[in-house]
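**Q** Before anything else, here's the structure in question.
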Amino acid sequence: MRITTVGLDADDTLWHNETIFRLTQDRFRNLMTDVAPAQVLDERLAAVEQRNLALYGYGVKGFTLSLIETAMELTGGEPSGRVIAGILEAGREMLVHPVEPLPGVEHALVELSRDYKLVLVTKGDLLHQEQKLAASGLGELFVGVEIVSEKDAATYAGAFARHGTGPAEAAMVGNSLRSDILPALQAGSFAAYIPYHVTWAHEVADPPTDHPRFTELAAIGDLPEWVRGLG
């Protein structure tokens with residue numbers, strides 16, 4: 001099988017992301033400590049986020065709005081100015097947080113780019129994802145960038161047709177089984193799952209260990225050898 005194209009997720013595959021969300025959620029708990037216990041806050045926030053995905057999509061801005069909405073619900077519509085100001089400040093800090101590529105990312109991408117077309121396929125806010133890619137210094141290694149509202153089989157089929165030779169000759173790489181792996185396999189691609197040390201509950205799924213085009217890698221440094229082995 002000839003492989004021509006490698007698709008890569010961005011957040012928590014190329015650079016840190018979920019840890020920043022977790023730190024902000026800790027700040028939210030501290031702001032709301034006199035309103036509700038941490039478990040109640042976490043459960044309500046998770047429900048609000050799930051409800052809002054169809055409206056706000058993925059990313060920092062939607063998360064910030066969900067924090068405000070959670071505070072509204074738990075205070076009977078009357079959160080203090082201190083709480084709202086703290087949430088907005090935390091959201092702004094997330095948007096300007098330095099981009100920290102994960103260990104081995106640049107080396108692996110440079111090596112892959114010599115023989116394969118690299119395509120970034122990521123969810124989230126368009127402006128923020130573009131800013132993070134620019135700040136990462138990795139942008140010139142990609143022949144295509146797809147920032148989408150949701151990842152499904154059609155997303156991957158279209159991306160790999162536009163920037164490569166179709167999904168059958170492509171491999172998708174990411175940390176989310178739900179968004180990066182399962183729909184890519186459904187589209188007919190190979191898929192490599194590289195776990196991140198924390199995962200948003202919305203992205204959790206069972207690994208398709210019996211699928212012939214699926215593999216799990218310990219680190220992105222193992223990616224070039226795996227891709228070459230497919231050919």
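The values are calculated or read from the model by the stated rules, or taken from the named source; none is laboratory data. These figures come from a predicted structure and were not determined experimentally. Here the Cβ is made from the backbone with ideal geometry for all residues, glycine too, and neighbour counts use every protein chain on show.
**Q** When you scan the range 156-202, how many residues do you find that are in a loop (DSSP other than H, G, I, E, B), surrounded by fewer than 17 Cβ atoms within 10 Å (Cβ to Cβ) and touching a Gly at 6+ places or on another chain (Cβ under 9 Å)?
**A** Qualifying residue count for the region: 2.
**Q** Sticking with this structure for a sec: Within the range 20-36, can one find any residue that is within 16 Å of the chain's Cα centre (by Cα), under 25 Å from ILE68 (Cα atoms) and surrounded by 14 or more Cβ atoms within 10 Å (Cβ to Cβ)?
**A** Within the range 20-36, one or more residues are within 16 Å of the chain's Cα centre (by Cα), under 25 Å from ILE68 (Cα atoms) and surrounded by 14 or more Cβ atoms within 10 Å (Cβ to Cβ).
**Q** I would also like to ask the following. Among what's in the range 57-97 and is in a loop (DSSP other than H, G, I, E, B) and among the β-branched types (Val, Ile, Thr), pick the residue that is farthest from the chain's Cα centre (by Cα).
**A** Out of the qualifying residues, it is THR75.
**Q** Go through (1) under 21 Å from LEU8 (Cβ atoms); (2) part of a helix (DSSP H, G or I); (3) over 19 Å from the mean Cα position of the chain (by Cα); (4) in contact (Cβ under 8 Å) with a residue 24 or more places away in the chain one by one and return the number of the condition LYS132 breaks.
**A** (3)
**Q** Here's a follow-up. Considering (1) in contact with a helix residue (DSSP H, G or I) (Cβ under 7 Å, 6 or more places away or on another chain); (2) within 26 Å of THR5 (Cβ to Cβ), say which one MET94 fails and leave the rest.
**A** Result: MET94 passes all but (2).
**Q** Report the residue count in the range 204-224 for those that are outside any loop (DSSP other than H, G, I, E, B) and either among the hydroxyl-bearing types (Ser, Thr, Tyr) or not assigned by TED's automatic domain parsing to the domain that holds GLN186 (or both).
**A** 1
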